[in-house]
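Structure, as structure tokens:
The values are calculated or read from the model by the stated rules, or taken from the named source; none is laboratory data. Note that this is a predicted model, so its numbers are computed, not measured. Here the Cβ positions follow ideal geometry from the backbone for every residue, glycine too, while neighbour counts run over all protein chains shown. What goes into the accessible areas is simple: the full protein's heavy atoms, side chains included, and nothing from ligands, DNA or RNA. Shrake-Rupley method; radii C 1.70, N 1.55, O 1.52, S 1.80 Å.
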Amino acid sequence: MTLQEFLDTARAIERDAIAAIQGASSTDALTAVRNAFVGRKSGRITDLMKALPSLPQEARREAGAEVNRVKTLAERALEERERGLAPAGDATEVDLTMPAREQWRGAKHPVTLVIDEIVEIFRQLGFTIALGPEAEHEWYNFGALNVPPDHPAMDMHDTLYLGDGALLRTHTSPVQVRTLQRWAPPVRVLIPGNVYRRDFFDPSHAPMFSQVEGLAIDEGVSFVDLKATLTHFAKRFFGAAKTRFRPSFFPFTEPSAEMDVECRLCGGVGCAACKGTGWMEILGSGMVHPRVLDAAGVDSETYTGWAFGMGPGRIALQRYGIPDIRILYDSDVRFLEQIAR
Ligand code: PHE
């Protein structure tokens with residue numbers, strides 16, 4: 001072989017190598033190209049190097065430099081191409097029929113979903129949101145709400161006292177008073193929040209649970225408004241379910257009534273969830289007592305109104321057919337996944 005033939009062969013191999021490396025579309029194909037050009041035992045560049053000693057002595061220096069240049073260039077191109085190919089291999093090996101891997105990203109808690117729905121229904125009726133503290137003063141929780149000091153609710157067994165006249169609120173009703181102190185009527189607010197009671201955890205009681213309070217105060221507001229609004233709410237929320245009002249008692253409302261909805265779990269026939277009655281109590285309500293208005297600085301001669309308090313946890317049990325309130329607070333993701341939207 002002459003020097004010129006050697007150099008021409010080297011350039012031809014260079015062109016072929018670059019083309020083959022660029023054309024390799026998988027790591028397997030690239031390995032084949034590597035073997036064909038720079039394989040340890042044979043390969044076009046390897047073979048050319050082996051041909052060096054057959055050249056005349058004075059030609060070897062230039063020829064050696066050239067074949068080394070081509071080898072280095074080919075090796076760099078191989079490395080670069082290898083990085084460019086997916087490590088998992090060929091793009092054609094991806095199985096597009098494989099189901100996607102599902103990822104749990106978290107979602108709203110069932111009780112929050114219910115609160116959001118309640119808030120939306122009342123928002124359309126002109127109610128806005130008000131909030132108050134969970135650590136509350138005794139006066140707001142009881143005194144201003146016309147709860148007498150010897151009332152059983154004030155008992156240490158029901159209320160978590162914090163000392164110095166402070167307690168964990170046992171209901172959202174203190175925010176009625178805080179709202180009326182701050183805003184002059186007409187007032188229409190919805191008050192969602194957590195409340196605390198020294199209850200044992202059982203299928204229908206939890207020591208902390210959420211409530212949604214409603215308050216509507218204006219001139220000439222009557223019990224008819226209460227009944228019509230709450231019935232409208234139940235129709236929107238529960239569909240065509242039947243409702244009924246039962247007389248009740250709260251120190252801060254007069255008259256007072258509880259509203260029941262036909263049990264969604266048994267369709268009103270009677271089951272364990274509704275204790276065989278066919279009805280589910282969803283809220284307490286009544287006309288705000290004049291003493292509450294006076295305590296909040298609202299003229300009870302001019303203004304009247306109504307209030308209600310409901311438990312979205314209980315409502316969530318009904319809505320989603322959950323048999324035990326404790327499931328709501330277990331944070332078991334398998335349960336939450338079933339309900340989350
Ligand atoms: N605060 C009462 C409770 O926790 C519910 C209620 C609110 C009743 C407003 C009447 C009016 O049981």
Starting from the range 247-272, keep only residues that are in contact (Cβ under 8 Å) with a residue 60 or more places away in the chain, then list their pairs with residues that are among the small types (G, A, S) and more than 16 Å from the ligand (Cβ to nearest atom) whose Cβ atoms are within a distance under 9 Å, requiring at least 6 positions of separation or different chains.
none
Of the residues in the range 13-25 that are open to solvent by less than 70 Å² (accessible area, probe 1.4 Å), in contact with a helix residue (DSSP H, G or I) (Cβ under 9 Å, 6 or more places away or on another chain) and in a helix (DSSP H, G or I), the one that is farthest from V67 (Cα to Cα) is G23
Would you please name the residue that is farthest from I129 (Cα to Cα), looking only at residues in the range 191-211 that are within 12 Å of the ligand (Cβ to nearest atom) and open to solvent by less than 50 Å² (accessible area, probe 1.4 Å)?
Y196
Going residue by residue through the range 233-247, is there one that turns out to be more than 13 Å from the ligand (Cβ to nearest atom), closer than 19 Å to S173 by Cβ and either out of contact with any strand residue (DSSP E or B) (no Cβ under 6 Å at 6 or more places or on another chain) or not aromatic (F, W, Y) (or both)?
yes
Restricting attention to the range 50-66, does a residue exist that is in a loop (DSSP other than H, G, I, E, B), at pLDDT 90 or above and in contact with a helix residue (DSSP H, G or I) (Cβ under 6 Å, 6 or more places away or on another chain)?
yes
Just the residues that are more than 10 Å from the ligand (Cβ to nearest atom) and closer than 16 Å to V224 by Cα, please, taken from the range 255-306.
P255, M259, Y303, T304, G305
If I ask for residues that are loosely packed, with under 14 Cβ neighbours inside 10 Å and more than 30 Å from S25 (Cα to Cα), which ones from the range 51-81 would you list?
P53, S54, P56, Q57, E58, R61, E62, A65
